[in-house]
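This report concerns only the one structure given below.
What follows draws every value from the coordinates through simple rules; no lab data is involved. None of the values given here were measured: they were computed from a predicted structure. Virtual Cβ from ideal backbone geometry, glycine too; neighbours counted across all protein chains shown.
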């Protein structure tokens, strides 16, 4: 009962913030969001400690504790600003989105898409990742995104409704295998994030020097269908616009050993995502328990739990 009461309060607060931030000028809304992020860093002990712990794991040998704490505080500010831009999602349209989002490497994306085999776009929780699917949808590409349900169905409905309003299809991670195949066979785009520790088939790969349990579904599907894999990520610029960076298609390794192919290709794309994060470390979600699952003794690369 207490849990449901807490969720009701959270839902009400989010609805109020959605309304509040949409009536403010974006610059003012972002300033307030950064302020709220700094307050959250000071007041929310558990996520603050998790962010500092993860940053220490990633940067302990190259950054002193003071700098790590500073990075964590800025990461909270970035999360606040991203929340505001998600509130303003509905106001982004074909008339203004290219003033907000610039791209590097769009030619790689277009060339891969023209192959007609579908396209697996793999990214991470960096910057305002929801804007990636929005950008391509507003450009006229058929886009589906795969992810887990938000813990509160009402919040999940808000998110899927926002996406649907821009032509983006949301696929449930736990019930989407057939839908994913349909998307790729139709020559469409599948967007997916693989930088979190979740309860799906996965493999341990190196991430910031530590084994991290990483979803393998997107790579397995690409190997099965022949769809090209494009690593990409978005980050906020100093003027609060965004730059979407698109890499060349991943050269998928095919050794004939399916287990090893999945591991090698998952490592390859994870290495690219790590490079994106290292370039803009304050814009990643360090509050997530990324290294929660531990590598079993004597098993270097389990494919499933």
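Globularity index of the stretch 151-305 is 1.10 (Cα radius of gyration / 2.2 N^0.38 Å, N = number of residues). Note on 107, 274: ascending count of other Cβ atoms within 10 Å places them as 107, 274, the fewest first. When you restrict to C-alpha pairs under 8 Å that are six or more residues apart and normalise by the size of the stretch 16-82, the relative contact order lands at 48 percent.
Of the peptides 14-27, 122-135, 46-59, the ranking by mean beta-carbon count within 10 Å, highest at the top, reads 122-135, 46-59, 14-27. Remark: relative contact order (the chain) = 23 percent; criterion is Cα-Cα distance under 8 angstrom and separation of 6 or more residues.
Extension gain for residue 91 to residue 199 (0.36 nm times residue separation, less C-alpha to C-alpha distance): 35.5 nm. Just so you know, the Cα atoms of the stretch 136-229 work out to an Rg and Dmax of 14.3, 40 Å. Set the Cα radius of gyration of the stretch 55-138 against 2.2 N^0.38 Å, with N its number of residues, and you get 1.44.
Based solely on its DSSP helices, what 222 nm [θ] is calculated for the chain when runs of n ≥ 4 H residues each add -39,500 (n - 2.57) and the sum is averaged over all residues, nearest 500 deg cm²/dmol? So the calculated ellipticity at 222 nm is -16000 deg cm²/dmol. Between residue 208 and residue 14, the FRET efficiency from the beta-carbon distance, with R0 = 41 Å, is close to 0.85. For the stretch 139-246, the relative contact order is 20 percent, taking Cα pairs closer than 8 Å that sit 6 or more residues apart in sequence and dividing their mean separation by the residue count.
The Rg/Rh ratio for the chain, using Cα coordinates for both the radius of gyration and the Kirkwood hydrodynamic radius, is 0.95. Once divided by 2.2 N^0.38 Å, the Cα radius of gyration of the stretch 1-118 becomes 1.41.
When DSSP beta bridges are limited to those with both residues in the chain, what percentage is antiparallel, rounded to the nearest 5? Rounded to the nearest five, the antiparallel share is 35 percent.
Considering only 64, 228, 142, give the residue with the highest GNM mean-square fluctuation for the chain, with springs between Cα atoms whenever their separation is below 10 Å. The residue that fluctuates most here is 64. Springs between Cα atoms under 10 Å define the GNM used for the chain, and in it the highest mean-square fluctuation of 283, 294, 149 occurs at 294.
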